[in-house]
Amino acid sequence: MPRFHFSPRAPERTGDDRPAPSLWRYVWRMSGWHQVAVCLMAVSVAALGIAPIELQRRIVDDAITQENYQLLTILASIYLAIIIVHGLIKLALRMYEGWLSESAIRYNRQHLSRLHADNQTGDEDEGNGRAVSIIGSEIEKLGGFVGDGLSQPVVNSGMLIFGLGYMISVEPVIGVIGLAALIPQVALVPVIQKRINALIEDRVNKMRSVSDELSELSPGAENRDRLTTINRGIDDIFDNRMRLFFLKFGMKALINFLNALAPICVLFVGGYLVLEGATSVGIIVAFISGFDRMSSPMRELLSYYRVAAQAAVQHKLIARWMH
């Protein structure tokens, strides 16, 4: 396998060591105008991801139904070309996002390590375990948000907007069905996510406390009380995770149910319209494919919402540690 060398991006120094005042200011500080390029690529990925829906309709209605072999060959070739270009742009986008994220993580680890070594953090009364936890795993979650913090909602919301816009313009009745399937998801997610955010912040604080206690353990010393505290903290983390799993997977199950309802409604309503001669089979085939394509962006958006909430909590806690 060939080896590639990538040079990390060095964020501009601000002249002081104060943390960014918000998550989004942090993302901009770590990536700058690269976010514009990433978002433009994301729009291209979204548009190309929806283009096959119209091609499927044309293949069924214009080529197969009319037995036009030449048109079938042309449309299939265009379909293949779009799939290839879409895959290449998506690969480039993922690599670009990864480069921005890893560059931010590298810079943050070096920066926080220096602050901790110079005793410029606000953890004088805490153990080294907290610094290890923050510079190790916590900053990776926060820095990982830099690469796709803006591009992921752009590409996924773009696919939803393009897809629903296309469907409503071609067959408004069926397009409205897809829109109706999204409304409950948009309404319920923020309510559930608010509780998830509280559990995430609580878990981070518990993990830090356990890390502090672990860093104070010494071989041969009397560690019974400290081990009791550690075990209690580990039990609390387990309980926290199980409650988070219930909310997280319960929300996913509800979303999957709502997404599964859309194709059934399309088949029923669309089948009725076909029997009445009000629409074509190609539109039904394309719309079934379209709803399938849009269910993934919806799941990705909800996943992004959770990641963004966790990154915001992480940023707040790390910024507090830096003061």
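The values are calculated or read from the model by the stated rules, or taken from the named source; none is laboratory data. In this text the structure is predicted, and so the values were computed from the model without any measurement. Note that we place each Cβ from the backbone using ideal geometry, even for glycine, and neighbour counts take in every protein chain shown. Please note that ligands, DNA and RNA were not included when accessible areas were found on the heavy atoms of the full protein model with its side chains. Shrake-Rupley method; radii C 1.70, N 1.55, O 1.52, S 1.80 Å.
List of remarks:
- Ranked by the mean number of other Cβ atoms within 10 Å per residue, highest first, peptides 282-288, 171-177 order as 282-288, 171-177.
- Cα extents of the chain along the three principal axes, largest first (Å): 84, 42, 38
- Candidate lysines - alpha carbon under 16 Å from K194, same-chain residues fewer than 8 apart omitted: K248, K252, K316
- Anisotropy class of the range 131-283 from Cα gyration tensor, a/c 1.5 cut: prolate
- DSSP loop GluC sites (Glu not before Pro) with at most 10 other Cβ within 10 Å: longest gap in the chain: 125-221
- Computed extension gain for V43 through S137, at 0.36 nm per residue and net of the alpha carbon distance, reaches 30.7 nm.
- Length-normalised contact order of the chain in % [C-alpha pairs under 8 Å, at least 6 apart]: 30 percent
- Rolling a 1.4 Å probe over the protein heavy atoms gives the chain an accessible area of 55 Å² per residue.
- With a Förster radius of 56 Å applied to the beta-carbon distance between D202 and L267, the computed FRET efficiency rounds to 0.80.
- Take the Cα of F245, step 7 Å toward its Cβ, do the same at E216, and the gap between the two points is 3.0 nm.
- Put a dot 7 Å past the Cα of I183, heading toward its Cβ, do the same for S113, and the two dots end up 5.4 nm apart.
- Over the chain: helical MRE at 222 nm, DSSP H runs n ≥ 4 each giving -39500 (n - 2.57), nearest 500: -28500 deg cm²/dmol
- When the solvent-accessible area of the chain is split by element, carbon and sulfur atoms take up 63 percent of it, the probe being 1.4 Å.
- Fully extended contour minus Cα-Cα distance, from L88 to V307, at 0.36 nm per residue: 76.3 nm
- Spin-label model, I234 to R293: label points 7 Å out along the Cα-to-beta-carbon direction sit 5.0 nm apart.
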